[in-house]
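Chemist: To start, I am sharing the structure in question, which I have written as structure tokens.
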Amino acid sequence: MITAIAAVTRNWGIGKDGDLLFHIPEDKKFFRRTTINHTVIMGRKTLESLPNGKPFKDRSNVVLSRNTAFATEGVTVIGSIDEAVRLAEEKPDEEIFVVGGGEIYRAMLPYCQKALITKIDAETEADTFFPNLDEDLGWTLSEQSEEYDFEGTKYSFCTYISVHK
């Protein structure tokens, strides 16, 4: 199963200038707890935006890049969406997580069965966006947590299910 995981603002913004828009400790804990010991698929820019450009610990890190010469320690590099889908098919008992960025989310979303979205009730300038699942008839909101607060910023954890999978 392929699952997208992201934190989005009201307008589905996810980042600006290569960084996340918000750093909410409970969201980071949720991300870690959910993806640990799983495969995560990301773009090269997302990898480079991580602390020291190092892959996530305790996860199998896969980078989807058009640059076939790209290589870095602790990362498997693949060159196409087809390869990413094949990777998921080869691990039918494992949940594989798509973790960004915007281009990778857009390309992989048609292959995702689920999306775990932390909705942050705020507007801030963004240059990278996640597709708006509330406006996509192919997705339905199946669960939403209570609303939490971090330093005046309200957020909730949502699960969307693809109606096509």
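The values are calculated or read from the model by the stated rules, or taken from the named source; none is laboratory data. Everything numeric here is computed off the predicted structure, so don't read it as measured data. Methodologically, a virtual Cβ is constructed for each residue, glycine included, from the backbone with ideal geometry; neighbour enumeration extends over all protein chains shown.
Chemist: Sort out which residues of the range 1-21 are surrounded by fewer than 14 Cβ atoms within 10 Å (Cβ to Cβ) and either part of a loop (DSSP other than H, G, I, E, B) or among the hydrophobic types (A, V, I, L, M, F, W, C) (or both), and write them in order of number. Steps first, answer last, please.
Modeler: Quick first cut of the range 1-21, residues surrounded by fewer than 14 Cβ atoms within 10 Å (Cβ to Cβ) only: 10-11, 16-19.
Within the range 1-21, ARG10, ASN11, ASP17, GLY18 meet the criteria.
Chemist: Output the residue which, of all residues in the range 125-144 that are loosely packed, with under 13 Cβ neighbours inside 10 Å and touching a residue at least 60 places away in the same chain (Cβ under 8 Å), is nearest to GLY18 (Cα to Cα).
Modeler: ASP127
Chemist: It is to be established whether one or more residues within the range 52-65 are exposed (fewer than 15 other Cβ atoms within 10 Å of the Cβ), modelled with pLDDT under 95, part of a loop (DSSP other than H, G, I, E, B) and not acidic (Asp, Glu).
Modeler: yes
So that you can scan it fast, the table gives a plain yes or no per residue for (1) free of Cβ contacts under 8 Å to residues at least 12 places away in the same chain; (2) of a type in the set (A, V, I, L, M, F, W, C):
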{"position": "ASP17", "(1), (2)": "no, no"}
{"position": "ARG33", "(1), (2)": "yes, no"}
{"position": "LEU47", "(1), (2)": "no, yes"}
{"position": "ASP58", "(1), (2)": "no, no"}
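Chemist: Can you pull out the residues in the range 145-165 that are free of Cβ contacts under 8 Å to residues at least 24 places away in the same chain and in a strand (DSSP E or B)? Walk me through how you get there before you give the answer.
Modeler: So in the range 145-165, the residues free of Cβ contacts under 8 Å to residues at least 24 places away in the same chain come out as 145-146, 149, 151-152.
ASP149, the sole residue that qualifies.
Chemist: Same structure again: Criterion first (surrounded by fewer than 18 Cβ atoms within 10 Å (Cβ to Cβ), touching a strand residue (DSSP E or B) at 6+ places or on another chain (Cβ under 6 Å) and either under 24 Å from HIS38 (Cβ atoms) or modelled with pLDDT of 95 or more (or both)) does GLU147 satisfy it? Reasoning before the result, please.
Modeler: On the way: surrounded by fewer than 18 Cβ atoms within 10 Å (Cβ to Cβ): yes; touching a strand residue (DSSP E or B) at 6+ places or on another chain (Cβ under 6 Å): yes; either under 24 Å from HIS38 (Cβ atoms) or modelled with pLDDT of 95 or more (or both): yes.
The answer is yes for GLU147.
Chemist: Scan the range 39-49 and tell me whether some residue there is surrounded by fewer than 19 Cβ atoms within 10 Å (Cβ to Cβ), outside any loop (DSSP other than H, G, I, E, B) and either modelled with pLDDT of 95 or more or not basic (Lys, Arg) (or both).
Modeler: Step one: of the range 39-49, the residues surrounded by fewer than 19 Cβ atoms within 10 Å (Cβ to Cβ) are 45, 48-49.
Adding the requirement that they be outside any loop (DSSP other than H, G, I, E, B) leaves 45, 48-49.
From what's left, either modelled with pLDDT of 95 or more or not basic (Lys, Arg) (or both): 48-49.
Scanning the range 39-49 turns up at least one residue that is surrounded by fewer than 19 Cβ atoms within 10 Å (Cβ to Cβ), outside any loop (DSSP other than H, G, I, E, B) and either modelled with pLDDT of 95 or more or not basic (Lys, Arg) (or both).
Chemist: Considering only the range 87-143, state which residues are assigned to a strand (DSSP E or B), out of contact with any helix residue (DSSP H, G or I) (no Cβ under 9 Å at 6 or more places or on another chain) and more than 24 Å from THR39 (Cβ to Cβ).
Modeler: Within the range 87-143, the subset assigned to a strand (DSSP E or B) is 96-100, 114-120, 128-129, 139-143.
Imposing the further condition that a residue be out of contact with any helix residue (DSSP H, G or I) (no Cβ under 9 Å at 6 or more places or on another chain) reduces the set to 114, 119, 142-143.
If the condition is that a residue be assigned to a strand (DSSP E or B), out of contact with any helix residue (DSSP H, G or I) (no Cβ under 9 Å at 6 or more places or on another chain) and more than 24 Å from THR39 (Cβ to Cβ), then LYS119 is the only one that fits.
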